[in-house]
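The values are calculated or read from the model by the stated rules, or taken from the named source; none is laboratory data. Treat the numbers as computed from the prediction; the structure is a model and nothing was measured. Because the Cβ atoms are built from the backbone with ideal geometry, glycine has one as well, and the counts that use them run over all protein chains shown.
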Amino acid sequence: MYSRRLELSVGAFVLLGALCLAFLALEVSGLASTGDNGTYRLSARFDNVAGLTTRAKVSAAGVTVGRVVGIRYDKATAAAIVDMEISQDFAEFSEDTSASILTAGLLGEKYIGLSTGGDPNNLADGDMIYDTQSAIVLEELIGKFLLNMSSEK
Amino acid sequence: MIDWIAGVGRSTLSQVSDLGRASLMLMQAIFGRSNVGVYGRLTVDQIYAVGVLSLSIIIVSGLFIGMVLGLQGYTILTDYGSEQALGQMVALSLTRELGPVVTALLFAGRAGSALTAEIGLMKATEQLASLEMIGVDPLRRVVAPRFWAGVISLPILSLIFVSVGCLGGALVGVSWLGVDSGSFWANMQASVDFFDDVFNGMIKSVVFAIVVTWIAVYQGYDLVPTSEGIARATTKTVVYASLAVLGLDFFLTAVMFGEI
């Protein structure tokens with residue numbers, strides 16, 4: 001009474017939906033690439049984080065090692081504190097690691113670049129990075145440039 | 001003047017009673033004594049009718065909308081020298097907005113109108129009354145399977161639409177216009193979040209599915225049983241469902257993405 005073709009086509013339809021969900025999860029949103037072995041948290045103190053947002057990439061030597069999970073304002077030092085979650089796969093950053101806010105391309109999004117130093121001790125969960133380089137604010141750059149131009153004359 | 005006020009009152013009363021009857025119908029169809037074994041099979045039948053048969057229009061329009069997004073996005077982004085952000089643009093606009101909304105609009109036109117016409121014709125030819133005569137509840141025998149089929153099918157169609165659209169965008173962007181394949185997909189993966197974007201889009205799609213199918217089965221169940229009544233109810237289904245989808249989309253977007 002129940003046609004086999006109809007059952008087959010409905011089954012194929014539902015499977016196609018599941019396949020598309022998997023495609024969206026893995027290929028489009030890159031779900032698999034985060035959080036395989038857990039993460040640990042590092043913080044960094046910046047004078048200026050202009051343009052940085054949560055979920056921005058954290059990279060070391062161009063490889064994405066984690067994400068920004070929070071940006072706070074520290075009243076005592078009048079600086080911004082950026083919380084980052086770093087994958088456990090990349091657990092070896094020395095204690096004199098420096099962090100800088102970089103831009104992907106001319107108009108691309110801001111991200112944090114970490115560069116390891118030579119200290120034998122490594123940063124652990126919850127540690128703070130003090131050696132930082134702030135975001136470049138375009139207006140300040142233009143201001144400096146104009147100042148140089150006028151002083152050269 | 002008095003007549004005018006009375007007119008406002010009459011139309012308000014009829015709107016409210018319409019809404020009440022629609023809610024009652026839905027409640028009785030869903031929460032009536034369920035008989036999953038028999039009615040589940042009817043639902044599978046209906047998934048074939050509203051879901052599988054809508055596949056072709058969904059895939060074709062998804063592909064072309066993705067390709068148009070790729071083409072238009074490229075011409076704009078290339079002005080700013082940031083055409084590597086094309087994947088991000090295509091994927092975000094598809095998962096957040098175009099996927100759920102366009103699928104729901106197409107679904108209202110392709111499957112919603114068919115549901116209304118089918119149930120309406122059953123009513124006009126007194127098949128619903130005959131079912132009641134032999135002791136079968138038409139709400140559960142006719143309306144409930146169609147409702148569930150719509151609610152199940154539309155999110156699946158929406159997933160397919162978004163996936164095909166992303167592939168269409170990649171086809172135009174990467175294969176034709178020469179955006180680097182690596183940066184296209186990497187940018188897409190970096191900016192699309194599964195829960196914020198894909199999952200919220202699916203929530204939208206489920207809401208649209210409930211509203212569109214509800215309007216379609218109610219218009220069919222409640223129409224004036226004449227050929228003219230069927231024509232009018234079918235038109236109403238498409239118009240009301242499209243307006244409801246577009247209006248709800250604004251509210252859902254404001255709630256989901258308002259802060260970002």
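In table form, for the structure just shown:
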{"quantity": "Unmet requirement for A:LEU138, which otherwise passes all of (1) at pLDDT below 80; (2) closer than 22 Å to B:ASP193 by Cβ", "calculated": "(2)"}
{"quantity": "Residue match in segment B:59-78 (condition: surrounded by 18 or more Cβ atoms within 10 Å (Cβ to Cβ), more than 14 Å from chain A (Cβ to nearest Cβ) and closer than 26 Å to B:LEU223 by Cα)", "calculated": "no"}
{"quantity": "Scan of segment B:104-158 for residues that are among the β-branched types (Val, Ile, Thr) and within 14 Å of chain A (Cβ to nearest Cβ), ordered by number", "calculated": "B:VAL151, B:ILE152, B:ILE156"}
{"quantity": "Some residue of segment B:159-169 being surrounded by fewer than 19 Cβ atoms within 10 Å (Cβ to Cβ), within 14 Å of another protein chain (Cβ to nearest Cβ) and at pLDDT 90 or above", "calculated": "yes"}
{"quantity": "Check on B:SER205, within 21 Å of the chain's Cα centre (by Cα) and within 13 Å of chain A (Cβ to nearest Cβ)", "calculated": "yes"}
{"quantity": "Residue list for segment B:73-109, filter: without any contact (Cβ under 8 Å) to a residue 60 or more places away in the chain and not aromatic (Phe, Trp, Tyr)", "calculated": "B:THR75, B:ILE76, B:LEU77, B:THR78, B:ASP79, B:GLY81, B:SER82, B:MET89, B:SER93, B:VAL102, B:LEU106"}
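Quick grid of which residues meet (1) under 23 Å from the mean Cα position of the chain (by Cα); (2) among the hydroxyl-bearing types (Ser, Thr, Tyr); (3) closer than 28 Å to B:THR95 by Cα; (4) not assigned by TED's automatic domain parsing to the domain that holds A:SER115:
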residue	(1), (2), (3), (4)
A:GLU7	no, no, no, yes
A:LEU21	no, no, yes, yes
A:LEU26	yes, no, yes, yes
A:ARG41	yes, no, no, no
A:GLU85	yes, no, yes, no
